[in-house]
Amino acid sequence: MFNFLKKNIAALKGALQKTASGFYHKLESIFKGPLNEESLEKFEEVLIEANFGTKLTSELVEIIRKAAKEHKTTDKETLFTLLKNHLLKELSLYTPLALRAKPSVFLILGVNGSGKTTTTAKLASFYKNQGLQVMVAAADTFRAAALEQLIHWCSLIDVPLITGPSRGDPASVAFDASSKAVHQNADILLIDTAGRLESKTDLMQEMEKIARVIAKKIPGSPHESLLVIDATLGQNALEQAKAFHKHCPLTGLVITKIDSSSRAGVVFSIQRELKIPIRFLGTGEGEKDLLPFDPQDFVESLFIS
C-alpha cells in the first residue's frame, strides 16, 4: 500500500508540474520574505491565477494573515501545513467510488473536446485491470471520431463495444448495451454520450432519454453519472459543470488535462460550488493515465517542489 501511495503521489507530481511551477515555487518565494500586506497581495494573486476562486482565496489569505499577526508564525513549513489542512477540508465530500449493482451503469458526460471518449476507454481499462468484466456503449452516434476512438481503444484493451448506426438513436444503443450487459453478466457498462454544445437543449433531452431507457432494463441505473471536464478551461469548466448538473444530476467528476493546466485550483472551486465528489484525474493521453482521486495525495502534490 505504501508503495502504491508513493507511486500515486509521484504520478500526480509529474502531472501537476505546471501547477507546481506556477504555484508552489511562487509561494515558496513569497514566504521566504517578511509577511506583510504586500506579500499577502502577491499570495492572493497566485491563488487567483491558479483558479482557487475568490471565496476560497480570501479564506486562505486570511489564514496566513492570522498566523503571521496573532501567532507570529512565519515558518514556511508551518504555513504550508495550515494551507494543506484547510484545502483538505474543502475536499471532505470525497468518498471512494463503490460499485452498487451488477451491472453498474456509468453515464459518461461532457462536451466535445473535454476528453470524454478517451476517459471512457481509460475507465474501461482501469476496471478491467481490477479483474472486472467491462462493456462499453458508443452512444455518441453523431460524431464519427468518437466511434473511431472507441473502436481503437476497445480493441487495444480487449473489451466488448456496443455500437449502432451512424446518426442513429443514442438511447437505442444504450438500451441494446444494457440488455447485453445483463445477458453477459457484465460487472460494469460504460456509456459514452454525446457532447454537442450547439444544441444544448436537445442534448440534455437526449441524456434524459438515455437514463429512462436503461432504467427500464436495469432498475436503479444509471448508478453513476460522471461529468468529464477540462481543467485548462478554468472557470468555464465550472460553468459547464453547473449546466450539466442542472439537467442531469451528477454523481461525480473526472478532471482531465490536469497535466496541461496551471489551474489545478479549479478542483477546489468545483467541489465548493457543486458539492459533487471528484472521482478521477486524467493525467495524460495514455491508457493508464487516469488516477483515482485521493484528496490527501492531491493536496500533498501541490506542495512538492
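As a summary of the residue check, residue 236 satisfies the conditions (1) farther than 19 Å from residue 279 by Cα; (2) buried (at least 22 other Cβ atoms within 10 Å of the Cβ); (3) not β-branched (Val, Ile, Thr) except for the one numbered (2). Annotation note: of 293, 280, the sole residue that is more than 30 Å from residue 169 (Cβ to Cβ), among the aromatic types (Phe, Trp, Tyr), touching a residue at least 40 places away in the same chain (Cβ under 8 Å) and out of contact with any helix residue (DSSP H, G or I) (no Cβ under 7 Å at 6 or more places or on another chain) is 293.
Considering the stretch 182-286, the qualifying helices (runs of 4 or more DSSP H), each wholly inside and each with 3 or more residues that are polar (S, T, N, Q), run over 235-247.
Among the residues making up the stretch 24-39, those that are surrounded by 13 or more Cβ atoms within 10 Å (Cβ to Cβ) and under 25 Å from residue 298 (Cβ atoms) are 24, 26, 27, 28, 30, 31.
Restricting 80, 126 to residues that are crowded, with 16+ Cβ neighbours inside 10 Å and over 30 Å from residue 148 (Cα atoms) narrows the list to 80.
For (1) under 21 Å from residue 84 (Cβ atoms); (2) small (Gly, Ala, Ser); (3) in contact with a Phe, Trp or Tyr (Cβ under 6 Å, 6 or more places away or on another chain), each residue gets a yes or a no:
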| residue | (1), (2), (3) |
| --- | --- |
| 214 | no, no, no |
| 221 | no, yes, no |
| 233 | no, no, no |
| 258 | yes, no, no |
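Where a number appears in this text, it was derived from the coordinates with a stated rule and is not lab data. Note that the coordinates shown come from a computational prediction; the quantities given were computed from them, not determined experimentally. Because the Cβ atoms are built from the backbone with ideal geometry, glycine has one as well, and the counts that use them run over all protein chains shown.
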